[in-house]
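The values are calculated or read from the model by the stated rules, or taken from the named source; none is laboratory data. A quick note: this is a predicted structure, and the numbers were derived from the prediction, not measured. A quick note on method: Cβ atoms are made from the backbone with ideal geometry, for glycine too, and the neighbour counts reach across all protein chains shown.
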Amino acid sequence: MTDRIIHHMCRADEWDAARPAGRYPGSSQDVQDGFIHFSTAAQVVESAAKHRAGQDGLLLLTVDADRLGDALRWEPSRGGQLFPHLYGPLPVDAVLRVDPLPLGPDGRHVFPAGFPFTLQDLVP
């Protein structure tokens, strides 16, 4: 895979706790699975609906996959699609953007204006 921009959804309190340490260990589900779950821009809306339905207080982390090195692996998951999985903590400095991911009136997550983001939007 060559998607350089990948996304992770997490609770705001989890992210706030990780920032001072400089690394995010993942959610409790990530820890249980042994890796941090990410999605591409084409996958993340469906991932939100499937795995985070009805959850409020979430953030969308937009991450530069090139900063993750060999710990990032692309592995088959839902429907045989390749998903990015990070085997290790997420370095805070790999996160290019953090956006709230509120619920809309229909109960679905509302993605930020301008999503999906391009590399030119994020990296000077």
Conditions (1) buried (at least 16 other Cβ atoms within 10 Å of the Cβ); (2) over 11 Å from the mean Cα position of the chain (by Cα); (3) in contact (Cβ under 8 Å) with a residue 12 or more places away in the chain: number failed by A48: (2)
Any pair with Cβ under 7 angstrom, 6 or more apart, that starts in region 57-82 at a residue that is at positive phi and at pLDDT 95 or above and ends at one that is exposed (fewer than 14 other Cβ atoms within 10 Å of the Cβ) and not in a strand (DSSP E or B): none
Restricting region 1-23 to residues that are among the acidic types (D, E) and in contact (Cβ under 8 Å) with a residue 40 or more places away in the chain, the residue that is farthest from F83 (Cα to Cα): D13
Residue satisfying all of: in region 24-36; without any contact (Cβ under 8 Å) to a residue 60 or more places away in the chain and surrounded by 20 or more Cβ atoms within 10 Å (Cβ to Cβ); nearest to D93 (Cα to Cα) among these: I36
Condition broken by R97, with the remaining ones in (1) of a type in the set (K, R); (2) more than 21 Å from L119 (Cβ to Cβ); (3) within 12 Å of the chain's Cα centre (by Cα) satisfied: (2)
Verdict on D16 being in contact with a Pro (Cβ under 8 Å, 6 or more places away or on another chain) and surrounded by fewer than 14 Cβ atoms within 10 Å (Cβ to Cβ): no
